[in-house]
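What follows is a set of notes on a single structure, which appears directly below.
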Amino acid sequence: EKTTIAKPFFSFINTSTVPDGQTLKYIWDLGKDPSLPKDSPSRKSTLANPIDVEFGDTIADNIPVYLKVITEPGGCIDTAMRFIRIDPDITVFIPSVFRPTKGANTAPCADPTFNDCNDVFRVYADGFATIEVYVFDRWGQQVFATNNPDIGWNGLIENVGAECPQDVYIYQINATSFNGKKYTYSGSITLLR
C-alpha cells in the first residue's frame, strides 16, 4: 500500500512464523521515538497516534526502519531492515475563469479576504519539483509562459504587453514530481473583462 502525505500512515505487521514452544521478542526502532510496544505484532502511526520518524534530505527519500527479532532464549539476534518511501501528494487546482484588473499582482494571493485572488490566472500545485505553465489564444499564439509556480497570468501578453481580449484560452501545464514522474494537464481558461 502506498504511503503519501494525504494518507500519512503505514503499518508494521509481523509476518514471522514461530515454531511451537518458541517465543519471539520485538524491538522496534523507528528513529527518534522507539516507543512501540516490544511485543506488538502491528501498529499504525497516524496523525492522532504519531511516531516520530526521522526523514532524509527530501521528502521522497527512503526511510530506514529497523526491526530486531530475538529468535531464541539463548540470545541469537537477527536484524531486518526495510526501507519505506513516502512520496509527496500530487495536488493541482486550475481555475476555469478569471477577471484581470489593471495593476493586478501576479504573485500569490496574500489578501486574507481573497478579494484579489481571481485577478490572475494561477495554477496552484503541490508535490512537484518543476512546473511550466503555457497559455495560448484561439489561434495558437502563446500569450503567457512561466516556470515559476508563484507567478500567474494577469491577462496581458506575457504579463507586460497589450491586454488580451475577453475570450477562452488554452493552457498546457508540464510538471515533474520529486520522484521524476512527468505530468501534463491541458484545458481552457476563460478571461472575462
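The values are calculated or read from the model by the stated rules, or taken from the named source; none is laboratory data. What you see is a predicted model; the values in this text were computed from it and never measured. All Cβ positions, glycine included, derive from the backbone under ideal geometry; neighbour counts span all protein chains shown.
For segment 132-148, the tally of residues that are modelled with pLDDT of 95 or more and farther than 17 Å from Ile170 by Cβ stands at 1.
Criterion first (small (Gly, Ala, Ser), at pLDDT below 90, assigned by TED's automatic domain parsing to the domain that holds Lys182 and in contact with a Ser or Thr (Cβ under 7 Å, 6 or more places away or on another chain)) does Ala129 satisfy it? Yes: the conditions hold for Ala129.
Of the strands (runs of 3 or more DSSP E) lying entirely inside segment 130-193, those containing at least 2 residues that are surrounded by fewer than 12 Cβ atoms within 10 Å (Cβ to Cβ) span 182-191.
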